[in-house]
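Before any comments, here is the structure.
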Amino acid sequence: MKTSILISATLTATVLAASVVISGCGTGEASVTNDKMVQAATPVPVEIAMPSRSDIYATYAATASIASDADAPVIARVAGEVVELAVEEGDRVEAGQILAKLDGERLRLEMLAAEANLVRAKKEYKRNTDLHERGLVSTAMFEGLKYDLQSLQATYELKRLTYDYSNIRATISGVVSSRNIKPGENLSSGQVAFQITDTSELLAYLQIPQAELAKFEAGYSATLSVASMPGGEYSATIARISPTIDTRNGSFRATAIIDNSEGDLAPGMFGRFTIAYEKHSNALLVPNYAIVNEDSETAVYVVRNGEVVRRIVQTGIEDGDRIEILSGLQDDEQVVVVGQSGLRDGSKVLASATDPGQTAG
């Protein structure tokens, strides 16, 4: 009897212990399962944007210094003392404008003497014309007078031109970039008095790698930015491309013409050129930070009914912060642009549009 009671008690204790163990294990598993379920059911906050349609250009970047193709020295054509300066450095001048005057008194007197000789010769020629018509002057003598008159006419024109050279004139329109003479200075013929630079149109020589040659043609547009003027952007055009390759570095030279009608740029500035060589019209575009590169695949996350769908896409041209989508995405699909790093296919999301007033989720 005692033995039976002992066995019964032992079995009861064993059953109770097993119940406690089973109960404890069940509670732990339920807790872990509930945490995962709660985490999976909690929406991840993300920002979304709609794709857009616009033209996009494939571009190539190059750097070069800016120069002027119209940079001309102004040379004194006659010797003389500088008696007047009409312009200073930085002044805008037109072609033919007087920049300085030399003491041309001697040249003026020589011109007047030549003019007097010419006037006398004209009168003599006119008088002998009447005599020649009446047969009183031989043809040989009359022809000699005509040649003398032509010679004196040429001498006078030469003296007049030389006297005018005492006025130093601008050879081209532009800006006086340097003044090399001073009042009272005696100039010699051929001495450089001024330097004039036309900055309304500048140029730059771009060195393009040989492998990129097929992408470029004359007439392509480009934009220019310079470090000294942050935020400014200027238009340029590829005017010509050298047909020969520089064997020293394997590049060819493209000449870019820069519109500087506003006068913001100056020769010597260093600029960065962005050349558009290929255009895709009406392309489907998304922000480039919406792209997720995983497992050698390019994808985006599309929001649908409060969940995200991982969509593999094919990309095209990238320009700045925009990238072209060639396939895998429709115009009316909302793309996650912020918060996609922690997403997986099927993740719940709480989406807000980057454009205020648009929401989804």
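Just a few scattered comments:
- Any hit, segment 235-244, residues being charged (D, E, K, R) and at pLDDT below 85: no
- Selection count, segment 206-234, where residues are without any contact (Cβ under 8 Å) to a residue 60 or more places away in the chain and of a type in the set (Phe, Trp, Tyr): 2
- Restricting attention to segment 163-191 and to residues that are free of Cβ contacts under 8 Å to residues at least 60 places away in the same chain and farther than 16 Å from GLU89 by Cβ, the residue that is surrounded by the most Cβ atoms within 10 Å (Cβ to Cβ) turns out to be TYR163.
Residue-by-condition table, conditions (1) more than 29 Å from SER242 (Cα to Cα); (2) among the hydroxyl-bearing types (Ser, Thr, Tyr); (3) at pLDDT 95 or above:
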position	(1), (2), (3)
ASP148	yes, no, no
LEU158	yes, no, yes
PHE194	yes, no, yes
TYR205	no, yes, no
GLN210	no, no, no
SER225	no, yes, no
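- Some residue of segment 224-242 being under 30 Å from GLY96 (Cβ atoms), among the basic types (Lys, Arg) and more than 12 Å from the chain's Cα centre (by Cα): yes
- Scope segment 301-321; condition β-branched (Val, Ile, Thr) and either under 15 Å from GLY346 (Cβ atoms) or exposed (fewer than 11 other Cβ atoms within 10 Å of the Cβ) (or both); matching residues: VAL302, VAL303, VAL308, VAL309
- Taken over segment 284-297, the residue count meeting the criterion of being in contact (Cβ under 8 Å) with a residue 12 or more places away in the chain and either acidic (Asp, Glu) or crowded, with 16+ Cβ neighbours inside 10 Å (or both) is 8.
- Residues in segment 105-119 include none that are within 59 Å of the chain's Cα centre (by Cα), touching a residue at least 24 places away in the same chain (Cβ under 8 Å) and not in a helix (DSSP H, G or I).
- Subset tally (residues that are under 15 Å from GLU212 (Cα atoms) and assigned to a loop (DSSP other than H, G, I, E, B)) for segment 241-274: 2
- LEU99 under 30 Å from GLN195 (Cβ atoms), assigned to a helix (DSSP H, G or I) and within 60 Å of the chain's Cα centre (by Cα): no
- Looking across segment 182-212, the residues that are of a type in the set (A, V, I, L, M, F, W, C) and within 30 Å of THR274 (Cα to Cα) come down to ILE196, LEU202, LEU203, ALA204, LEU206, ILE208, ALA211.
- Residues in segment 55-79 that are modelled with pLDDT of 95 or more and either surrounded by 15 or more Cβ atoms within 10 Å (Cβ to Cβ) or assigned to a loop (DSSP other than H, G, I, E, B) (or both): VAL74, ALA76, ARG77, VAL78, ALA79.
The values are calculated or read from the model by the stated rules, or taken from the named source; none is laboratory data. The structure displayed is predicted, hence computed values, not measured ones. When we count neighbours, we look across all protein chains shown, and the Cβ atoms used for this are built from the backbone with ideal geometry, even at glycine.
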